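Undergrad: Sending over a structure as structure tokens; questions will come in a sec.
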Amino acid sequence: MRFHPPASGLDLDRCLFSGQVFRWERERVVPPVPGAFREDDDVRYRGVDGEHWFEITRPEERLIVETNGSEGDFARLFRLDADVEEIARKIVAAAPEMARAIESQPGLRMMRPSDPVEVFFSFLCTANNHLKRIMPMVRKLAEYGEPIGTTPFRRFPRTQVIASTPESELRAKGFGYRGATIPYAAQVAMIRGGDDWIRSLREVGYEEARRELVSIKGIGNKLADCICLYGLHYDEAVPIDTHLWQAACRTFFPEHTGKPLTELRYRQVGEFFRDRFGDLASWAHLYLYFDHMGQ
DNA sequence: TACGGACCTTTC
DNA sequence: AAAGGTCCGT
């Protein structure tokens, strides 16, 4: 089907290529013309969320979405129900220091992917890695998935498929040591119940889900929080990596600047965000993180 | 608890 | 050298 979603407060580049989701493509509909006024509009985004594919174009500033899903599926993925203006107001009210970080990232939204299995394995690709390499890796994993209908799009493979993929095969595809950790984590997940187990973590609460995840070798604090946030939809999860740690030190804890992020400090920073921002802890972290990345 | 190294590979 | 870490030794 085809529809026009509201486009205000939604920056597709910021949302789709910022490391919240990893499988989207951006291509030019027509070759760029030097100095052309509309070159930013002449793009097409293609991607998959769960069992739905999406093609998004924006001629004339207006979004056109084609999909095998519904308008509701699109709205859920981009959280169009969330009032970003109000969220920004609440965050700034709780922390005036955040005003500049929020203003610097218009159209950035917390994504809400529908397939927790894809999120689980995508973030296993991100450890000690960079986005330029992460995205091709996630796409390679997705090649193990089933095509969606007769389209070139594929659903992300199920846990069982990843669990039975040999380490050597992934290493040959450039996964490095993650060629071992990814199938291993899949095997542990299979023992606990596979896809259903991963999905069931949405029902057990943030603390319990997090405990389960970090008990898997290869998933530490940061990956567990990413999976909790993007895959399991726990908005109180605050993934803290080196960049957010630096940004948090600069903005909130100048006395910690330059110190390493220990287990203890990891917990303290997460609690700080939850105390200060409540349900908006992860939104606050998102703005701070990407503001810092842009520096 | 906290600190140092190792870990695959690619990219800046 | 560092990358959106994590594990394993001290």
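The values are calculated or read from the model by the stated rules, or taken from the named source; none is laboratory data. Keep in mind that this is a model prediction, so the values were computed, not measured. Because the Cβ atoms are built from the backbone with ideal geometry, glycine has one as well, and the counts that use them run over all protein chains shown.
Undergrad: Of the residues A:Gly47, A:Gly72, A:Gly19, which single one is of a type in the set (Gly, Ala, Ser) and assigned to a helix (DSSP H, G or I)?
TA: After ruling out the rest, the residue left standing is A:Gly72.
Undergrad: Select from the range A:145-156 the residues that are part of a loop (DSSP other than H, G, I, E, B) and surrounded by 15 or more Cβ atoms within 10 Å (Cβ to Cβ) and list them in ascending order.
TA: Answer for the range A:145-156, where residues must be part of a loop (DSSP other than H, G, I, E, B) and surrounded by 15 or more Cβ atoms within 10 Å (Cβ to Cβ): A:Gly145, A:Ile148, A:Phe153, A:Arg155, A:Phe156.
Undergrad: Let me ask another. Could you please find all residues in the range A:184-207 being crowded, with 20+ Cβ neighbours inside 10 Å and either outside any loop (DSSP other than H, G, I, E, B) or small (Gly, Ala, Ser) (or both)?
TA: Those that are crowded, with 20+ Cβ neighbours inside 10 Å and either outside any loop (DSSP other than H, G, I, E, B) or small (Gly, Ala, Ser) (or both): A:Ala185, A:Ala186, A:Ala189, A:Ile198.
Undergrad: Here's another thing I want to ask about it. Quick one: which of A:Asp279, A:Asp291 is surrounded by fewer than 17 Cβ atoms within 10 Å (Cβ to Cβ), more than 14 Å from DNA strand B (Cβ to nearest atom) and modelled with pLDDT under 95?
TA: The unique qualifying residue is A:Asp279.
Undergrad: Here is a list of conditions, (1) surrounded by 13 or more Cβ atoms within 10 Å (Cβ to Cβ); (2) assigned to a helix (DSSP H, G or I); (3) over 19 Å from the mean Cα position of the chain (by Cα); (4) not aromatic (Phe, Trp, Tyr), and A:Thr165 meets all of them except one; can you say which number that is?
TA: Tallying (1) surrounded by 13 or more Cβ atoms within 10 Å (Cβ to Cβ); (2) assigned to a helix (DSSP H, G or I); (3) over 19 Å from the mean Cα position of the chain (by Cα); (4) not aromatic (Phe, Trp, Tyr), A:Thr165 fails exactly one: (2).
Undergrad: Just to check your reading of the model, which residue among A:Phe17, A:Phe54 is crowded, with 18+ Cβ neighbours inside 10 Å and hydrophobic (A, V, I, L, M, F, W, C)?
TA: On inspection, the qualifying residue turns out to be A:Phe54.
Undergrad: If you go through the range A:214-242, how many residues are near DNA strand C (Cβ under 8 Å from one of its atoms) and among the small types (Gly, Ala, Ser)?
TA: Going through the range A:214-242 one residue at a time, the tally reaches 3.
Undergrad: Could I ask something else about it? So which of A:Phe156, A:Phe74 is under 18 Å from A:Gly19 (Cβ atoms) and more than 16 Å from DNA strand C (Cβ to nearest atom)?
TA: The unique qualifying residue is A:Phe156.
Undergrad: Can you say whether A:Glu118 is over 21 Å from the mean Cα position of the chain (by Cα), in contact (Cβ under 8 Å) with a residue 24 or more places away in the chain and either within 25 Å of A:Trp283 (Cα to Cα) or in the same structural domain as A:Arg199 (by TED's automatic domain parsing) (or both), as far as the supplied structure shows?
TA: No: the conditions fail for A:Glu118.
Undergrad: Do we find a residue being part of a helix (DSSP H, G or I), under 30 Å from A:Thr151 (Cα atoms) and at pLDDT 95 or above anywhere in the range A:98-116?
TA: Yes, the range A:98-116 contains at least one residue that is part of a helix (DSSP H, G or I), under 30 Å from A:Thr151 (Cα atoms) and at pLDDT 95 or above.
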